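Participant: First the structure, then my questions, so here it is.
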Amino acid sequence: MGMPIGMIALLVVGVLVYFGVTHRILDRMRMTDKQALLFIGAIIIGSFIDIPVMRAPVAVSINVGGALLPLLLSVWLIFKADETAEKIRAVLAAVLVAAAVWLGSRYLPYEPENMFMDPKLIYGIAAGLIAYLAGRSRRSAFIGGVLGIVLSDVVHMITLIGLGVPGTTAIGGAGAFDVVVIAGVVAVMMAELVGETREKLQGGPVLGAHRPEGLYEFSEELHKNPKKKDKETENTEGREKKQ
């Protein structure tokens, strides 16, 4: 049996974090390399742990690595956001992703062999793209992709309970673990790729103590106050040398 897609993605991300490749992304998400590595390790270990929530009428369990930890990280990142607009975008992105996954589960074929691509990849990539388009910043995109998948599992559980249909729901477990990871990675990659391109074309992101450096924030401040840009550059270079 091959290694799950989500596990492979986490290991690749862990290696990139370890070698400092993702420093800019983590900095904008208000996370350090150490925090990211600890979180990735905790997710991998937690993916083997399922916590039973209820047994009847629907058997429900929550996976620590695939749902509980991503949920806690998403909530933490929402509170870390400086602007209310960014928090709203993150929650909106999560709701849109959950709705899209729920609709997909209703209308797409149930049998994986009848689909042109692995369903986990389809849901994960679609969730990541929707989260990026709605979230617009790196943090909001990540929150939308990850939290949206977890919410879709919760919606599935509520649907089964409401219909009184016996069934099993593993929130964040089984294939959902892979989808959560893929969605988060794709959302951040899209935000970083498009964000870096737009920032370079438009002179850089807005800088400031209480303003996130999301890709949606551009300003004439850098043009009006070039000394500020030089100072920020020196501070960034100083932090990188210390690390």
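Every number here is computed from the coordinates shown, using simple stated rules; none is lab data. Just so it is clear, the structure is predicted and the values come from calculations on it, not from any experiment. Here the Cβ positions follow ideal geometry from the backbone for every residue, glycine too, while neighbour counts run over all protein chains shown.
Participant: At Leu201 and Arg106, where each label point lies 7 Å from the Cα along Cα→Cβ, what is the point-to-point distance in nanometres?
Facilitator: 3.7
Participant: For the stretch 73-167, rounded, prolate or oblate, judged on the Cα gyration tensor with a ≥ b ≥ c (square roots of eigenvalues), a/c < 1.5 rounded, else prolate if a/b > b/c?
Facilitator: Cα axes put the stretch 73-167 in the oblate bin.
Participant: Quick one, what does Rg over Rh come out to for the stretch 54-112 if you take C-alpha atoms and the Kirkwood Rh?
Facilitator: Here Rg/Rh amounts to 1.09.
Participant: Taking the stretch 113-179, which chymotrypsin sites (Phe, Trp or Tyr not before Pro) meet the DSSP loop condition and have no more than 13 other C-beta atoms within 10 Å?
Facilitator: Sparse-neighbourhood loop chymotrypsin sites (Phe, Trp or Tyr not before Pro): Phe116.
Participant: Could I have the simple spin-label model distance between Ile161 and Val21, label points 7 Å from Cα toward Cβ, reported in nm to one decimal?
Facilitator: 4.2
Participant: Return a whole-number percent for the relative contact order of the stretch 1-108, with Cα pairs under 8 Å and 6 or more residues apart as the contact set.
Facilitator: Numbers: 69 pairs, mean separation 16.8, N = 108.
Computed value for the stretch 1-108: 16 percent relative contact order.
Participant: Val95 to Ala174: extension gain in nm, 0.36 nm per residue of separation minus the Cα-Cα distance? Kindly include the intermediate steps, with their values, before the conclusion.
Facilitator: Details: separation 79, 0.36 × 79 = 28.44 nm, distance 2.17 nm.
Once the chain is fully extended between Val95 and Ala174, it gains 26.3 nm.
Participant: Rounded, prolate or oblate: which one fits the stretch 1-54, using the alpha carbon gyration tensor with axes a ≥ b ≥ c (rounded when a/c is under 1.5, else prolate when a/b beats b/c, else oblate)? Walk me through the numbers on the way to the answer.
Facilitator: Values: a/c = 3.03, a/b = 1.61, b/c = 1.88.
In terms of gyration-tensor shape, oblate.
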